[in-house]
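The values are calculated or read from the model by the stated rules, or taken from the named source; none is laboratory data. Predicted model only: the values in this text are computed from it and were never measured. When we count neighbours, we look across all protein chains shown, and the Cβ atoms used for this are built from the backbone with ideal geometry, even at glycine.
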Amino acid sequence: MRRPTLTVQIIIGLILGIALGAWYRHMWPDQENIKPFADNMQVLSDIFLRLIKMIIAPLVFSLLLTGIAKVGDFKTVGRIGLKTLIYFTGATLVALTLGLVIVNIFEPGTALLHPDAHSLVPVQPKPFEAREFVSHIFPESIADAMARNQILPIIIFVLFFGMATASLHEKGKIVIDFFDSISHIMLKVTAYVMKMAPLAVFGAMTAVIATKGLDVLGGYVKIILCFFGGLIFFVFVVLLGICAILKINFFKLFEHVKEPMLLAFSTASSEAAMPKTILGLERFGCPDKIISFVLPLGYSFNLDGSIMYMTFATMSIAQAYGMHLSGAQQITMMLILLVTSKGMAGVPRASLVVIAGMLQTFNIPQEGLTLLLAIDWLLDMGRSATNVMGNAVATAVVSKWEKSG
């Protein structure tokens, strides 16, 4: 009998997790019993995500280094980098704008209003500081950046290291060959780790349903539908439109990355899907040198789903408190988020921190952020899957530009 594909196994894990969580909550409704059970089930997901985080730094380092080396010269690196950043900036502005449009038309925040909102514990925001942002980008120690899985500092180091290695020609070839082998080894390690994905999904879903119950989404239906509708619009209208203009086969690309999208959705981690995304883009036909260069950058600069969520969530909280932000204020918010959204990959719930900063900037009650926490896990699943598709399209677009240019 043929073994089910990873996609089928993940779906089975989701269904079994929901069923077990609901059954346990029904049999032992006391929270004193539920919490230890949920914590124990969550361990399965924790192990998987730790193994994924173990892989990310060496995988990004080796892939990006070989990508730069294969590009071959400084002019080409600069050209690809410029095209990549132009696309990322455009996609970010579209995602931010879409979040504002949806929230202004449908006003989902009115469904968030909580009768006890004034009594909620405030969330302390961390305001954006240019000096701190710059110091985060440029690492004092590459070892420390890799130990903390800080993608952006790793990228900065590898850009210098890769261009220096490529400039040495024959002397640098041994280093390039070494890291090319490392990248293939890490992809093989990833294949082993991925076998745990269905088990991790099962544990995570069991814990969530046992703790929150099947009716956890009842009071949030409107905001969930609006946000997921926005994500679907972004993927199947905006990204499809971009691919149509550039004559990229969107549905063929979607077919190759649907499995990593499902993995990202199930684990609420776009990082977890990165290795599978690489394989899907290779099968689609994108050159290795473009994948190795664009995709790691995308995990710091092109998180479309998370970026859209920032304007959507900030405005929804304002609506929950009956506040109105003018068009000028909303444009200002969008431009601030264009900068503050960068480099947040690998930071748990980073979008919530950025949103908290926006609430403070525009004098929106900070405690409103806690209104979203009950469903943030589900919204995170949707935006993680969108991040994967957004970066896949970005890689295909840059590949197309390079082929034609």
Flag if Tyr87 is among the hydroxyl-bearing types (Ser, Thr, Tyr), at pLDDT 90 or above and under 30 Å from Phe179 (Cα atoms): yes
Helices (runs of 4 or more DSSP H) wholly inside region 133-228 containing at least 2 residues that are of a type in the set (S, T, N, Q) and under 25 Å from the mean Cα position of the chain (by Cα): 170-194, 197-212
Count of residues meeting criterion [within 27 Å of Leu49 (Cβ to Cβ), surrounded by fewer than 20 Cβ atoms within 10 Å (Cβ to Cβ) and not acidic (Asp, Glu)] in region 274-290: 2
Any hit, region 301-321, residues being closer than 26 Å to Ile224 by Cβ, modelled with pLDDT under 85 and either surrounded by fewer than 18 Cβ atoms within 10 Å (Cβ to Cβ) or not aliphatic (A, V, I, L, M) (or both): yes
Any hit, region 249-262, residues being under 30 Å from Lys35 (Cβ atoms), of a type outside the set (Gly, Ala, Ser) and touching a residue at least 40 places away in the same chain (Cβ under 8 Å): yes
Condition met for Ile242 (assigned to a helix (DSSP H, G or I) and more than 17 Å from Ala385 (Cα to Cα)): yes
Verdict on Leu246 being closer than 26 Å to Thr311 by Cα and either touching a Cys at 6+ places or on another chain (Cβ under 6 Å) or in contact (Cβ under 8 Å) with a residue 12 or more places away in the chain (or both): no
Residue within region 246-262 that is assigned to a helix (DSSP H, G or I) and of a type in the set (S, T, N, Q) present: no
Lone qualifier among Val193, Val201, Val235 - being out of contact with any Leu (no Cβ under 8 Å at 6 or more places or on another chain), closer than 22 Å to Leu263 by Cβ and surrounded by 15 or more Cβ atoms within 10 Å (Cβ to Cβ): Val235
Some residue of region 113-126 being at pLDDT 90 or above, in a helix (DSSP H, G or I) and surrounded by 12 or more Cβ atoms within 10 Å (Cβ to Cβ): no
Residue that is modelled with pLDDT of 90 or more, buried (at least 20 other Cβ atoms within 10 Å of the Cβ) and part of a helix (DSSP H, G or I), where the choices are Leu93, Leu100: Leu100
Any hit, region 358-375, residues being hydrophobic (A, V, I, L, M, F, W, C) and without any contact (Cβ under 8 Å) to a residue 40 or more places away in the chain: yes
Test: Ser269 is modelled with pLDDT under 90, under 15 Å from Leu379 (Cα atoms) and not in a helix (DSSP H, G or I): yes
